[in-house]
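Data first, discussion second: the structure below is written as structure tokens.
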Amino acid sequence: MKALLINPLIPDTFWNFRHVMKFIRKKAAHVPLGLLTVAAMFPEDWDIKVVDMNTESLSKEMIEWADLVFIGAMMVQKESVRQIIVRCRTLGKAVVGGGPLFTSCPEDFDDVDYLVLNEAEITLPMFLHDLASGSPRRIYTTEEKPDITITPLPRWDLIDINIYASMSVQYSRGCPYDCEFCDITNLYGRYPRVKSNEQMIREFDKLYEIGWRGSLFIVDDNFIGNKSKVKTLLRELKSWQETKNFPFMLYTEASVNLAQDEELMKLMTEAGFDAVFLGLETPEEKCFAESSKNQNLSIDLVEAVKTIQRNGMEVMGGFIIGFDNDPPDIFERQIKFIQNSGVVRAMIGLLNAPPGTRLYRRLKEERRLLDDCTGDNCDGTMNFTPKMDPRTVKEGYNKVIDYIYSPKAYYARILEFLGTYKPVRRRPMTLLGIIAFFNSVLYVGIIEKWSNSIYFWKLLFKTMIFYRRSLREAVMLMMFGYHFRKLLIKRTNVT
């Protein structure tokens, strides 16, 4: 049997960093780790190919080659998924859907031949067994959560790793918290399941063996969900990195209580972590109580960010507008919150209710649901009626976005960050880094209009004088600013 595994196109979003890929001569920021892991679960006699539509087009010939087309997708890829399904049906190819998108809303895909839902370690073997016996069911689902110590090494041989800016590995699934608006616990449960330390070292070894050097994303939704176990892993990763002269720069997602654990922060930076994404959300504590995000209560969030920065990690942050308890001045407070924190890569979006979340169920009972959730954190849409006047919410949100992504505010945040950040180790200059630096000078310092580029030159000179040890981080953040401004222009044109 021949299986074509497709990663659909991700639209222009905060996370894909599409506009800075030309700076570093890459095609996409992240690899389709889920598909590569699923590919390793097929029997050896299957012929497997992977098409990542974020790096290459999906040709008619490739679809015709396959006996079955497998699509793995997230909510944000829904539009591309629809287009793929139409193309496959036109060519008479059966489609198998899996991943968070299909698991969250299987009722939206009556035109998909087979739905292999939940986690593939359990449902994919069931489907493949029935397929081999000639009696496959249409839907495969389970409430059981697999032991991920049985998860195989991803099939890295199915892609060209050199066209990606970062590689990915997964350590855990699930989160101990149950935020009302988050679908992670619905998909993966509240008990964080982790891989063994030996398993993770094997994955690191494999990436090193195939020649990868550079950024490595630990794609957990909360890397520190099981603190006791993650600490034992970090000690082993530290030894591994030291032995190999730190070939990987690590980053991940975590909860804000990281700032309350000095040992954990130290272990992370010693193991090679230099960035972490936190769900900071809002300066209004009533919104945390509303959404059951209790881990953010009774903690000074700005000081938590500063603490993590002082311990050698850049903090990327998610922020939300649209809670029921948002006060009238939330827009000004969000701006102040973001600017004072020094969170340069600030992802701010309007609240949405993904299918399967407690928020979705509550709003449905209150008859406030409107449309499907797009899955794009920054497209300026909401799929429910907020308590605040919707026009006020949209206008206020636009003002926040316009401000925080403006060159003046964005570069001010970089300086705020540099004034706090204490890098643990200085990264050696690489050829790719040199290329990125000169491209940033070209695109951001010269090609962009002078009213924007003047901030680039001011910051570059200040960094070289006062923050030379953080020059790499400053240049990287200036490149990301270019991406965010491109998104802002696109959003303005659409609006």
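The values are calculated or read from the model by the stated rules, or taken from the named source; none is laboratory data. Since this is a predicted model, take the numbers as computed values, not measurements. Because the Cβ atoms are built from the backbone with ideal geometry, glycine has one as well, and the counts that use them run over all protein chains shown.
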For the range 454-473, enumerate the residues that are modelled with pLDDT under 95 and within 22 Å of PHE14 (Cα to Cα). ARG472, GLU473
List the pairs whose first member sits in the range 416-439 and is within 19 Å of VAL302 (Cα to Cα) and touching a residue at least 40 places away in the same chain (Cβ under 8 Å), whose second member is assigned to a loop (DSSP other than H, G, I, E, B) and among the hydroxyl-bearing types (Ser, Thr, Tyr), and whose Cβ atoms are under 6 Å apart, counting only residues at least 6 apart or on separate chains? LEU418/TYR467
Subset of the range 455-469 [surrounded by fewer than 20 Cβ atoms within 10 Å (Cβ to Cβ) and touching a residue at least 24 places away in the same chain (Cβ under 8 Å)]: LYS458, LYS462, PHE466, TYR467, ARG469
Might you let me know whether the range 311-323 holds any residue that is under 19 Å from ILE224 (Cβ atoms), of a type in the set (S, T, N, Q) and touching a helix residue (DSSP H, G or I) at 6+ places or on another chain (Cβ under 9 Å)? yes
In the range 231-250, the residues that are touching a strand residue (DSSP E or B) at 6+ places or on another chain (Cβ under 8 Å) and of a type in the set (Phe, Trp, Tyr): PHE248
Tell me, please, whether a residue that is aromatic (Phe, Trp, Tyr), within 28 Å of ASN439 (Cβ to Cβ) and within 17 Å of the chain's Cα centre (by Cα) can be found in the range 22-45. no
Has the range 332-344 got at least one residue that is closer than 20 Å to PRO390 by Cβ, under 26 Å from the mean Cα position of the chain (by Cα) and surrounded by 19 or more Cβ atoms within 10 Å (Cβ to Cβ)? yes
Need the failing condition index for GLU284 against (1) out of contact with any helix residue (DSSP H, G or I) (no Cβ under 7 Å at 6 or more places or on another chain); (2) more than 30 Å from SER166 (Cβ to Cβ), just the number. (1)
So how many residues does the range 12-28 have that are in contact with a Ser or Thr (Cβ under 8 Å, 6 or more places away or on another chain) and assigned to a loop (DSSP other than H, G, I, E, B)? 1
Restricting to the range 222-261, give me the number of residues that are among the hydrophobic types (A, V, I, L, M, F, W, C), within 23 Å of ILE184 (Cα to Cα) and assigned to a loop (DSSP other than H, G, I, E, B). 2
Of a type outside the set (D, E, K, R), without any contact (Cβ under 8 Å) to a residue 12 or more places away in the chain, outside any helix (DSSP H, G or I) and out of contact with any Ser or Thr (no Cβ under 6 Å at 6 or more places or on another chain) - does that describe any residue in the range 120-134? yes
